[in-house]
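The values are calculated or read from the model by the stated rules, or taken from the named source; none is laboratory data. Nothing here was measured: the structure is a model prediction, and the numbers come from that model. Positions of Cβ are generated from backbone atoms using ideal geometry, with glycine treated the same way; all protein chains shown enter the neighbour counts. Ligands, DNA and RNA are excluded from the accessible area calculation, which covers all protein heavy atoms including side chains. Shrake-Rupley method; radii C 1.70, N 1.55, O 1.52, S 1.80 Å.
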Amino acid sequence: MGPPGAGKGTQAKLIIAEHNLPHISTGDMFREAIKNQTPLGVIAAKFINDGHLVPDDVTIGLVRERLSQDDCAKGFILDGFPRTIPQAEALDTLTKEIGRPISSVINIDTPREMLFERIGGRRVCKVCGAPYHIVTRKPKVEGVCDKCGGELIQRKDDNEEALATRLDIYIKDTAPILDYYEKKGLLHTLDGTIGADNLMKEIDKILEATK
Ligand code: AP5
């Protein structure tokens, strides 16, 4: 959990490399569908590019289908889901159905002004989606992904206007979920300003303790 630019995708990608779990990022799944111009992509593009949430029924259906796949039987890392209370309630049902309750909810707490700096400087690999930053996480060769050699681009929704919308929606629709998980005793809030590698070590401790 965390607002746009908090570092959810960066951490999820570091964690899956360490723990060998599937990374289920609804944002990545929608972007892939948009790239491939699938029916889901056509719907998602209408909402994502200007920073709005894709409707709950579409998003829940997508996650339901993904969690039913075999590679999720041993666990999974969710990134960007749930984002509304109805999504959180649906996730409770889905995880009961597959017998894999949520073990921990990690919230990356990052100040608003830092989110604008991070999103403004973010570049992502067009091929594998790996995130970079033009100041804090530079690739070895400018404009080229270290991992796969793909071209680094700026996301369509990484502009000031769309980011302001995404932040407003985060406060209104997504932040209330933190309380939902606090009451269930699952929430761990971590400082998102300590650097990606240090943050990963903190997350790792939580994952080891709640395995
Ligand atoms: P999504 O892809 O989930 O985007 P987001 O939540 O807006 O988050 P971001 O990907 O922008 O940021 P992040 O927290 O992953 O940060 P990152 O690690 O890249 O969703 C996109 C859209 O899809 C939504 O707006 C919505 O339309 C739709 N959608 C998705 N899920 C949905 C759902 N459940 N329901 C409905 N609609 C949904 O890091 C950002 C930058 O900071 C990078 O440059 C990185 O290098 C740098 N950085 C990261 N960590 C650190 C650090 N610790 N220190 C310094 N720099 C850092």
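Is the shape of the stretch 145-194 best called rounded, prolate or oblate, per the rule: a/c under 1.5 gives rounded, else a/b larger than b/c gives prolate, else oblate, with a ≥ b ≥ c the square roots of the Cα gyration tensor eigenvalues? The shape class here is oblate. With the Cα gyration tensor of the chain giving a ≥ b ≥ c as the square roots of its eigenvalues, does the rule (a/c under 1.5 for rounded; else a/b larger than b/c for prolate; else oblate) give rounded, prolate or oblate? Taking the square roots of the gyration eigenvalues as a ≥ b ≥ c, the chain is rounded.
Our estimate of slack between Asp57 and Ile194, defined as 0.36 nm per intervening residue step minus the Cα-Cα distance, is 45.7 nm. The slack in the chain from Lys46 to Lys138, taken as 0.36 nm per residue of separation less the alpha-carbon distance, amounts to 30.0 nm. Database remark: amide H of Val144 closer than 5 angstrom to the amide H of Leu152 (H placed geometrically; neighbours at sequence offset of 5 or more, or on other chains; Pro and chain starts carry no H). Rounded to the nearest 500, the helix-only mean residue ellipticity at 222 nm of the chain stands at -14000 deg cm²/dmol, with each DSSP H run of n ≥ 4 adding -39,500 (n - 2.57). Of the peptides 145-157, 52-64, 80-92, 1-13, the ranking by mean beta-carbon count within 10 Å, highest at the top, reads 1-13, 80-92, 52-64, 145-157.
Per residue, how much accessible area does the stretch 36-153 show when a 1.4 Å probe rolls over the protein heavy atoms, in square angstrom?
56
For Lys211, a cut-off of 27 angstrom between C-alpha atoms picks up these lysines, skipping any fewer than 8 places away in its own chain: Lys8, Lys13, Lys74, Lys96, Lys183, Lys184, Lys201. Between Lys35 and Glu113, the FRET efficiency from the beta-carbon distance, with R0 = 30 Å, is close to 0.45.
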